[in-house]
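Read through the structure below, which is laid out as structure tokens, and then see the notes.
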Amino acid sequence: MKTQHLRQDKTCLNCGHEVPDRYCGHCGQENVDTKESFGHLVSHFFQDITHYDSKLLLTLKYLFFYPGRVTKEYISGRRQTFVNPIRLYVLRLSSSSCSRR
Ligand SMILES: [Zn+2]
């Protein structure tokens with residue numbers, strides 16, 4: 001898998017702590033540029049289908065009970081906690097197409 005470029009800023013976008021290396025020692029978020037290529041999204045899409053973790057449940061919980069908060073947090077750079085919105089949308093489309101059969 002192609003790796004993303006490291007950010008020049010060494011401040012974690014998720015928690016604000018200093019990130020001396022690739023990953024934040026406090027929250028675990030990767031300190032990389034947040035723009036993703038289409039190929040990167042496709043590879044993550046297949047990973048998301050086969051690998052579920054607590055991010056999906058937490059994202060769904062916030063979407064149901066605190067609409068808008070996920071968007072605000074994601075745009076401000078706090079992305080470690082939530083599923084990528086495009087991947088969530090594609091997962092939703094694939095689950096609805098499977099349920100119609
Ligand atoms: Zn952090």
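The values are calculated or read from the model by the stated rules, or taken from the named source; none is laboratory data. Computed from a prediction, not measured in an experiment: that's the story for all the values here. Virtual Cβ from ideal backbone geometry, glycine too; neighbours counted across all protein chains shown.
Looking only at residues in segment 48-72 that are in contact with a helix residue (DSSP H, G or I) (Cβ under 8 Å, 6 or more places away or on another chain) and among the charged types (D, E, K, R), the one that is modelled with the lowest pLDDT is Asp48. The set of residues in segment 45-64 being more than 16 Å from the ligand (Cβ to nearest atom), within 16 Å of Arg79 (Cβ to Cβ), of a type outside the set (A, V, I, L, M) and surrounded by 14 or more Cβ atoms within 10 Å (Cβ to Cβ) consists of Asp48, Thr59, Tyr62.
State whether the residues of segment 68-76 include one that is assigned to a helix (DSSP H, G or I) and within 16 Å of the ligand (Cβ to nearest atom). Yes, segment 68-76 contains a residue that is assigned to a helix (DSSP H, G or I) and within 16 Å of the ligand (Cβ to nearest atom). Being surrounded by 11 or more Cβ atoms within 10 Å (Cβ to Cβ), over 14 Å from the mean Cα position of the chain (by Cα) and in a loop (DSSP other than H, G, I, E, B) is the filter here, so list the residues in segment 19-44 that pass it. Passing the criteria: Val19, Arg22, Cys24, Gly25, His26. Taking segment 1-39 as the range and being within 13 Å of the ligand (Cβ to nearest atom) and of a type in the set (S, T, N, Q) as the test, the residues that pass are Thr11, Asn14, Gln29, Asn31.
Every test in (1) aliphatic (A, V, I, L, M); (2) over 17 Å from Thr81 (Cβ atoms); (3) within 16 Å of the ligand (Cβ to nearest atom) is passed by Val42 save one, and that test is (3).
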